[in-house]
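I have placed the structure first, in the form of structure tokens, so that the comments after it can refer back to it.
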Amino acid sequence: MRTDTHRHITDSPTGVRNLGILAHVDAGKTTITERILYVTGATYKRGEVHDGTTVTDFDSQERDRGITIFAAAVSCSWDGHRVHLIDTPGHVDFSDEVERSLRVLDGAIAVFDAVAGVEPQSESVWRQADRHGVPRIAFVNKLDRAGADLDAAVASIRERLRVVPLVVQLPIGREDGFTGVVDLLRMRSLVWAAGRDTYEEGPVPDALLEEARRRRRLLEEAVAELHPIALEEFCAGSAISATTLAAALRDLTRTGEGVVVLCGSAYRDRGIEPLLDAVVAYLPSPLDVPPVRGTEDGFQDGAQAGAVRERAADPAAPFAALVFKVSSTATGRLSYLRVYSGTIRKGDTVLDAGARRTERIGRILHVQADRNTEVDLAVAGDIVAVVGLKAARTGATLCDPSAPLVLEPPAVADPVVSVAVEAGRSAGTGRLASALARLVEEDPSLVVRTDPESGQTVLSGMGELHLEVAVEKIRRTHGLDVGVGRPQVAYRETVVRGVSGLLYRHVKQDGGAGQFAHVVLDVEPLESPGPLEPTEPPEPTEPLESPGPLEPPDVAPDAAGFVFGSAVVGGRVPKEYVRAVEAGCRDALAEGPLGGHPVTGLRVTLTDGATHPKDSSEMAFRTAGRFALREALRASAMVLLEPVVEVTVTVPADTAGGVLGDLAARRGRVSGSAARAGTVVITATVPLAELFGYATRLRSRTQGRGTFTTRATGYAPVPGAVSHGTPPR
């Protein structure tokens, strides 16, 4: 309750909770954040998404569109604890914002719609949190809506997320009659009366007493199966005390073996206080998570560079922090930090370990979305913004210059959609370049490049909406008239049938030292992307003499889907030349023979070669590797790949037929459909190139009632885009 905010706030990391709110679009993340700020006394007026008055959706585009686009950090206090909260986007186009946030969080609240249950993006962000090992509690929101069903939502959590939900509350009333919850741990009722800011605590209503006892028993049994101490107490007395149950729930949440499930209605201000109590009780503090790990930059205490070191969340330890977000404001450049160890003060000099340059901390700010409060210092466990960093980018490690450490930066996904952008007037070309540079600095998932053939400036991102928001930001922030071309998707090329024993000889003599390199390559696909028409294989080439076929080493493919191996024996190609051949092959992957797209999904094995005592060099073998692989790709059967996405379309039942027909016209493959409360939910796999303009078409077919979400699933062959290869010369 709001009076809790006046208790003393501890300065120890044990009293800090760093958490994010994760969910599908429109599940209620921003509304929950607003209610948390109000309940804790951080704000004194409830903000509403539909009114454009929320704290975290402060950007003009967020308010216009009614969705969260940029992750926003806020701070508040509850029950003697400092809570740092990040409201993350729910749209798939902005999943990279979620990724950067999860990198610095210790826990999360996963929000689910009581009507829809687990939705596609709910599952995606849940998997992202799994990769980062972030403990979560679940909050089933919107229990006041027609069709709300806590049990159905919990069942979808169990089935789709493959976790053990531990439900600790029972709703009081249904849909419009939802007024509160039964706390199954303490067997009490919490009721929020209309027009009141706080709940009233009382006994369990007689009508729900039997059901509450049954659910408490199910909770005890579920916890006893997972927790040895709870099992021991359950076996001894056929029951588990509230104290033991709470301790077991805390342990199971932090290990990920179980997920505590609460419920409520954020819009109606019901269920927020128990949710905050659960955050404090079950989610970890910075001291409860493993120490951050990094590699030493340079030599420290006689250890060699690259040695792995751990830093505990100790304010007295050497300073180490990660920059997870950079933004430009009217008052200057803000760099958002998660402080993992040590203490930082205004005016301190810190080391940007990756760039090997020092920076000075001008000011330290506790952030409240677009508002902030200046503080003198930040300690281990804090999430703050600093002013004064001139060059530190997202993913940079800031540390004590006397104890250098490099932390792993957040992963950045490859962009899949591109648009050509140009200034409306030639005089604005320089300003556009500056605006794009600032845009990429703030959002690393955006990529700007110049097309070498057309000379156009190409902006690439995670989806059509992502690029639309980026271009609109340039127009609004910089006042530029920007022209945009039709988005182009990022195609790939891959091998479906390779060649063996391709021989390539690189000989060049221009006077003086020449160049000589002789290589023999085998090229094969890592895996087949799909069935192809049978064709005659190309004629094999004559390989050099070889002692016999050798199995290439079992090496995992890299991020580009490429594996290189060497089966050369007898030292016919020295190791340094083998590495040069690999580098040349990687050079050749940049442009495939079908359309100049990057090549992925192949294994190349160097089986033999020859050298010259004077004219062989790493440069010669790199050149030979590049041209050999290009020739091998032209001789191989190649297929063009296009990005595909899983589309989940929710439409009224009377419009489902037209929507299915439109998906089929877009080369979509329907994988399932289900009826749900007068609507039909259709799941299909559709090429991304066919989805441009789909939002407008869907609205027109469903009178504005249809919605859809997408989730990237990988690449698939383009029908008919196959090259069967030509025999090498």
- Can you check what the Kirkwood hydrodynamic radius comes to for the stretch 116-269, Cα pairs only, in Å to one decimal? 16.4
- To the nearest 10 degrees, how steep is helix 150-161 against the longest Cα principal axis of the chain, on a 0 to 90 scale? 20
- Those chymotrypsin sites (Phe, Trp or Tyr not before Pro) in the stretch 649-708 that DSSP places in a loop and that have at most 16 other beta carbons within 10 Å: PHE692
- For the stretch 351-488, with all protein chains present and a 1.4 Å probe, just round the carbon and sulfur fraction of the accessible area to a whole percent. 47
- Message: Please compute the modelled spin-label separation between ASP288 and ARG486, points set 7 Å along Cα→Cβ, answer in nm with one decimal.
- Response: 5.4
- Which loop-located GluC sites (Glu not before Pro) does the stretch 384-471 contain, where loop means any DSSP state but H, G, I, E or B and the Cβ has at most 16 other Cβ atoms within 10 Å? GLU453
- Note on the structure: On the formula 1/(1 + (r/R0)^6), with r taken between the Cβ atoms of ALA247 and ARG131 and R0 of 22 Å, the FRET efficiency rounded to 0.05 is 0.20
- Task: Describe numerically, in nm with one decimal, the distance between label points set 7 Å from Cα along Cα→Cβ at VAL670 and at GLU211.
- Result: 3.6
- Would you mind counting up the charge near LEU663? Only other residues with Cβ under 13 Å from its Cβ, with Lys and Arg at +1 and Asp and Glu at -1. +2
- Task: With no solvent and one equal point scatterer placed on each C-alpha of the stretch 461-528, evaluate the Debye formula and give log10 I(q)/I(0) for q = 0.22, 0.25, 0.28 Å⁻¹, two decimals.
- Result: -1.02, -1.09, -1.14
- Over 28 Å between C-alpha atoms is what I'm after, so list which of LYS142/LYS473; LYS45/LYS346; LYS325/LYS346; LYS325/LYS473 land there. LYS142/LYS473; LYS45/LYS346
- Message: At a 10 angstrom cut-off on C-beta neighbours, averaged per residue, how do the peptides 515-526, 656-667 rank from highest to lowest?
- Response: 515-526, 656-667
- Query: Using mean Cβ contacts within 10 Å as the protection proxy, how do 202-213, 159-170 order, highest first?
  - Reply: 159-170, 202-213
- Once both labels are modelled 7 Å past Cα along the beta-carbon direction, what's the HIS478-THR713 spacing in nm? 3.7
- Task: Specify the angular offset, from 0 to 90 degrees and rounded to the nearest 10, of the alpha carbon long axis of helix 272-282 from the longest principal axis of the alpha carbons in the chain.
- Result: 60
- What whole number of Å gives the distance from the Cα centroid of the stretch 309-382 to the Cα centroid of the stretch 140-171? 39
- Item | Along principal axes, Cα extents of the chain, largest first, whole Å | 94, 69, 67
- How long are the three semi-axes of the equivalent ellipsoid of the stretch 382-497, in whole Å, if each is the root of 5 times an eigenvalue of the C-alpha gyration tensor, listed from largest down? 29, 22, 13
- Query: In whole percent, how big is the carbon plus sulfur part of the accessible area of the stretch 628-700, probe 1.4 Å, protein atoms only?
  - Reply: 52
- Query: Roughly how tilted is helix 29-39, in degrees to the nearest 10 and between 0 and 90, from the longest Cα axis of the chain?
  - Reply: 40
- Roll a 1.4 Å probe over the protein chains and send me the accessible area per residue for the chain in Å². 44
- Between ARG357 and GLN456, what FRET efficiency follows from the Cβ-Cβ distance if R0 is 35 Å, with the result rounded to 0.05? 0.55
- Message: Suppose R0 equals 35 Å. What FRET efficiency, 1/(1 + (r/R0)^6) with r the Cβ-Cβ distance, do LYS614 and ALA437 give to the nearest 0.05?
- Response: 0.15
- Note on the structure: Calculated from DSSP helices alone, with each H run of at least 4 adding -39500 (n - 2.57) and the total divided by the residues of the chain, [θ]222 nm to the nearest 500 comes to -8000 deg cm²/dmol
- Item | Shape call, the stretch 350-423: gyration tensor on alpha carbons, a/c limit 1.5 | oblate
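The values are calculated or read from the model by the stated rules, or taken from the named source; none is laboratory data. Remember, it's a predicted structure, so these values are computed and weren't measured experimentally. FYI the Cβ positions are ideal-geometry reconstructions off the backbone, even for glycines, and counts take in every protein chain you see. The accessibility values were calculated without ligands, DNA or RNA, using every heavy atom of the protein model including side chains. Shrake-Rupley method; radii C 1.70, N 1.55, O 1.52, S 1.80 Å.
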